[in-house]
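Taking it in order: structure first as structure tokens, then the write-up.
The values are calculated or read from the model by the stated rules, or taken from the named source; none is laboratory data. What you see is a predicted model; the values in this text were computed from it and never measured. Quick reminder, even Gly has a Cβ in these numbers, built from the backbone with ideal geometry, and neighbours come from all protein chains shown. Remember, those area values only see protein heavy atoms, side chains included, never the ligands or the DNA or RNA. Shrake-Rupley method; radii C 1.70, N 1.55, O 1.52, S 1.80 Å.
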Amino acid sequence: MLRRKPTRLELKLDDIEEFEGVRKDLESRKKQREDAEVVAAGEEAAAAAAAIALGTDHKSREQIINDRIGYKPQPKAGGRAAHFGTFEF
């Protein structure tokens, strides 16, 4: 492998100004996105609080968690009678 001398990079004033402009632009976009998320989260929380206060959409903690993770539990088939045939205790 051939070795070569290290390349020297010089930073010019124009490069610094361009970097600062791009950085400020990215920071402003990030701030706008975060503000939009906070507003959306606030609206969702207000809607949920209103629904709970009205009692129209009252769910147990377990049901809320199942909805959030997408779990839909299936009822168990039968009961004690299904295990023991026709015998009932």
What FRET efficiency, computed as 1/(1 + (r/R0)^6) with R0 = 35 Å and r the Cβ-Cβ distance, is obtained for Tyr71 and Lys24, rounded to the nearest 0.05? 0.20
Once a ≥ b ≥ c are taken as the square roots of the eigenvalues of the Cα gyration tensor of the range 1-47, is the result rounded (a/c under 1.5), prolate (a/b larger than b/c) or oblate (a/b not larger than b/c)? oblate
Run the 1.4 Å probe and let me know the accessible area of Lys72, rounded to the nearest 10 Å². 150 Å²
Would you mind putting 61-68, 4-11 in packing order, based on average other-beta-carbon counts within 10 Å, highest first? 61-68, 4-11
